[in-house]
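Working notes for the structure below.
The values are calculated or read from the model by the stated rules, or taken from the named source; none is laboratory data. Predicted model only: the values in this text are computed from it and were never measured. Methodologically, a virtual Cβ is constructed for each residue, glycine included, from the backbone with ideal geometry; neighbour enumeration extends over all protein chains shown. Surface accessibility is based on the protein's heavy atoms, side chains included, excluding ligands, DNA and RNA. Shrake-Rupley method; radii C 1.70, N 1.55, O 1.52, S 1.80 Å.
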Amino acid sequence: MQDLFVEQLRDVYNAENQIIKALPKMVKSASSEELRDALEEHLEQTKGQSERLEEIFEELQLKARGTKCVGMEGVIDEGKELLSEDFQDSVMDAAIIAAAQKVEHYEIATYGTLRTWARRLGHERVAELLQETLDEEAQADEKLTQIAESMVNEEAVQTSR
Ligand SMILES: [Fe+2]
């Protein structure tokens, strides 16, 4: 169980670092200022989450090392495909939100599992750190939902005119 736990920690460490690379491209392609701000904020948060994982490795007396997370790579690749499409601005923003929420949900699933396993393995401090990240991911997801909803409302107003 401990081995599986460590393997999954290495996986999510790599996933966070993939996200750090991918987010600036999403920011560049976004038109809504609110969306750009949210993505930029989450980029900073993600850097903190990567550092938090380094703290977790230290806590477990392990070297901070990632192993390629193929799942996150797939989610990000799909997002990149959308970015290369020729959408009008508001459609591109909707596509970016969809891609970002897929990333968040993948992370929420992962961190929820890891937090539970940490508790089960008796790593209380690690469980707390994982919970902090889990809460941040959930908030980021919620923020994206809010932005998506406000955009839908805006468009409804425009089309009704
Ligand atoms: Fe994250």
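Take the conditions open to solvent by less than 20 Å² (accessible area, probe 1.4 Å), over 20 Å from A148 (Cβ atoms) and out of contact with any Asp or Glu (no Cβ under 7 Å at 6 or more places or on another chain) and apply them to L4. Does it pass?
Criteria not met by L4.
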(request) Would you mention how many residues in segment 55-70 are in contact (Cβ under 8 Å) with a residue 12 or more places away in the chain and closer than 17 Å to T133 by Cβ? (result) 8
(message) Being more than 19 Å from L23 (Cβ to Cβ) and either open to solvent by 60 Å² or more (accessible area, probe 1.4 Å) or touching a Leu at 6+ places or on another chain (Cβ under 8 Å) (or both) is the requirement here; does K63 meet it?
(response) yes
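State yes or no: is E104 in contact with a helix residue (DSSP H, G or I) (Cβ under 9 Å, 6 or more places away or on another chain), under 30 Å from M1 (Cβ atoms), in a helix (DSSP H, G or I) and within 16 Å of the ligand (Cβ to nearest atom)?
yes
Please enumerate the residues belonging to segment 114-134 that are open to solvent by 60 Å² or more (accessible area, probe 1.4 Å) and in contact (Cβ under 8 Å) with a residue 40 or more places away in the chain. Spell out the reasoning first.
First, pick out the residues of segment 114-134 that are open to solvent by 60 Å² or more (accessible area, probe 1.4 Å): 116, 119-120, 124-125, 128, 132.
Correct list: R120, R125, E132.
Restricting the search to segment 66-101, which residues are touching a Leu at 6+ places or on another chain (Cβ under 6 Å) and of a type outside the set (V, I, T)?
Step one: of segment 66-101, the residues touching a Leu at 6+ places or on another chain (Cβ under 6 Å) are 93, 95, 97, 99-101.
Those that are touching a Leu at 6+ places or on another chain (Cβ under 6 Å) and of a type outside the set (V, I, T): D93, A95, A99, A100, Q101.
Is it the case that some residue within segment 34-53 is at pLDDT 95 or above, within 16 Å of the ligand (Cβ to nearest atom) and over 16 Å from E136 (Cβ atoms)?
Within segment 34-53, the first condition is being at pLDDT 95 or above, and the residues that meet it are 34-53.
Still in the running and within 16 Å of the ligand (Cβ to nearest atom): 38-53.
Applying the additional criterion that residues be over 16 Å from E136 (Cβ atoms) yields none.
Within segment 34-53, not a single residue is at pLDDT 95 or above, within 16 Å of the ligand (Cβ to nearest atom) and over 16 Å from E136 (Cβ atoms).
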(request) Search segment 11-32 for residues being basic (K, R) and away from the ligand (no atom under 15 Å from the Cβ), and hand back the single one that is farthest from K80 (Cα to Cα). (result) K28
(request) For V75, state whether it is of a type in the set (A, V, I, L, M) and within 12 Å of the chain's Cα centre (by Cα). (result) yes
(message) So L130 passes all but one of these: (1) of a type in the set (A, V, I, L, M); (2) more than 16 Å from the chain's Cα centre (by Cα); (3) within 13 Å of the ligand (Cβ to nearest atom). Which condition number does it fail?
(response) (2)
(message) Could you go through segment 134-147 and let me know if any residue there is basic (K, R) and modelled with pLDDT under 95.
(response) no
